[in-house]
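Down below is the structure, laid out as structure tokens.
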Amino acid sequence: MRSTVKVIPDTDIIELRYAGEIDFAARIAALDDLEHRYQRDGFRRVLVNYTSAWPAEEQPGMAARFLDKLTALQFPRGARIAFLNQPDAHMAASEPVAAGFGYRMRKFRERTEAIAWLLETGP
């Protein structure tokens, strides 16, 4: 598994792109990187792109560790996070956290739709 993080040109959207087999440990490491970048750059819009990734067999306890990480994130209220082609099991782990912490999360199948939603200014 590998991941890359970059700013989408002409936007303030940070894109986290996964490639290969992805497990919760890799997602925890990526969240650590995103959180560090947020503290440095202050972004509020994230596109998490799973188009070239697939779920790995999970190790016991890793889903709980991932949820612990999600609940400890220091992203601002109102942040928007779009998931592109995210595996259903991974989305199920993320959704309950979003509402409680003021994040807006949504799943997409088309990159252009995800970017358009991230750029919206309304609730």
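The values are calculated or read from the model by the stated rules, or taken from the named source; none is laboratory data. From a predicted model like this one, the values you see are computed outputs, not experimental measurements. Positions of Cβ are backbone-derived with ideal geometry, glycine not excepted, and every protein chain shown enters the neighbour counts. Heads up: the accessible areas ignore ligands, DNA and RNA and are worked out on the full protein's heavy atoms, side chains in. Shrake-Rupley method; radii C 1.70, N 1.55, O 1.52, S 1.80 Å.
Residue-wise test of (1) of a type outside the set (S, T, N, Q); (2) on the phi > 0 side of the Ramachandran plot; (3) in contact with an Asp or Glu (Cβ under 7 Å, 6 or more places away or on another chain).
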| residue | (1), (2), (3) |
| --- | --- |
| P9 | yes, no, no |
| A19 | yes, no, no |
| L31 | yes, no, no |
| G42 | yes, yes, no |
| A56 | yes, no, yes |
| D68 | yes, no, no |
| A72 | yes, no, no |
| G78 | yes, yes, no |
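Looking only at the range 40-69, which residues are closer than 20 Å to R2 by Cα, hydrophobic (A, V, I, L, M, F, W, C) and open to solvent by less than 40 Å² (accessible area, probe 1.4 Å)?
Listed by number, the residues that qualify are V46, L47, V48, A53, A56, M62, F66.
Go through the range 1-15 and give me each residue that's among the aliphatic types (A, V, I, L, M), open to solvent by less than 20 Å² (accessible area, probe 1.4 Å) and under 13 Å from the mean Cα position of the chain (by Cα).
The answer is I13, I14.
Pairs only if they're at least six apart or on different chains, beta carbon under 6 angstrom, first in the range 105-123 and of a type outside the set (K, R) and modelled with pLDDT under 90, second assigned to a strand (DSSP E or B) and surrounded by 15 or more Cβ atoms within 10 Å (Cβ to Cβ); list them, first residue then second.
Here the result reads M105/I81, each pair linking the range 105-123 to a residue that is assigned to a strand (DSSP E or B) and surrounded by 15 or more Cβ atoms within 10 Å (Cβ to Cβ).
Could you go through the range 16-24 and let me know if any residue there is out of contact with any Leu (no Cβ under 6 Å at 6 or more places or on another chain), farther than 20 Å from K107 by Cβ and open to solvent by less than 20 Å² (accessible area, probe 1.4 Å).
Checked the range 16-24: at least one residue is out of contact with any Leu (no Cβ under 6 Å at 6 or more places or on another chain), farther than 20 Å from K107 by Cβ and open to solvent by less than 20 Å² (accessible area, probe 1.4 Å).
Only one of these is in contact with a His (Cβ under 9 Å, 6 or more places away or on another chain), in a helix (DSSP H, G or I) and either touching a residue at least 12 places away in the same chain (Cβ under 8 Å) or open to solvent by less than 70 Å² (accessible area, probe 1.4 Å) (or both): R37, R27. Name it. Full working, then the answer.
Working: R37 fails: in contact with a His (Cβ under 9 Å, 6 or more places away or on another chain).
Exactly one residue qualifies, and that residue is R27.
When you look at F43, is it touching a strand residue (DSSP E or B) at 6+ places or on another chain (Cβ under 7 Å), within 19 Å of R104 (Cβ to Cβ) and in a strand (DSSP E or B), yes or no? Explain how you work it out, then say what you get.
Details: touching a strand residue (DSSP E or B) at 6+ places or on another chain (Cβ under 7 Å): yes; within 19 Å of R104 (Cβ to Cβ): yes; in a strand (DSSP E or B): no.
In short, no.
Of all residues in the range 84-104, count the ones that are open to solvent by less than 10 Å² (accessible area, probe 1.4 Å) and modelled with pLDDT of 75 or more. Can you show your working first?
Taking the range 84-104 first, the residues open to solvent by less than 10 Å² (accessible area, probe 1.4 Å) are 84, 86, 90, 94, 98.
Adding the requirement that they be modelled with pLDDT of 75 or more leaves 84, 86.
Looking only at that region, the number is 2.
Given the criterion touching a helix residue (DSSP H, G or I) at 6+ places or on another chain (Cβ under 6 Å), touching a residue at least 12 places away in the same chain (Cβ under 8 Å) and assigned to a strand (DSSP E or B), identify the matching residue among S52, S3.
Values: S52 fails: touching a helix residue (DSSP H, G or I) at 6+ places or on another chain (Cβ under 6 Å).
Checking each option against the conditions leaves just S3.
Would you confirm whether or not the range 11-21 contains a residue that is over 20 Å from E120 (Cβ atoms), modelled with pLDDT of 85 or more and either in a helix (DSSP H, G or I) or of a type in the set (D, E) (or both)?
Let us first name the residues in the range 11-21 that are over 20 Å from E120 (Cβ atoms), namely 17-21.
Narrowing the set further to residues that are modelled with pLDDT of 85 or more leaves 17-21.
Now restrict to residues that are either in a helix (DSSP H, G or I) or of a type in the set (D, E) (or both): 21.
Yes, the conditions are met somewhere in the range 11-21.
Of the residues that make up the range 59-76, is at least one assigned to a strand (DSSP E or B) and in contact with a Gly (Cβ under 9 Å, 6 or more places away or on another chain)?
So the first thing to find is which residues in the range 59-76 are assigned to a strand (DSSP E or B), and the list is none.
Checked the range 59-76: no residue is assigned to a strand (DSSP E or B) and in contact with a Gly (Cβ under 9 Å, 6 or more places away or on another chain).
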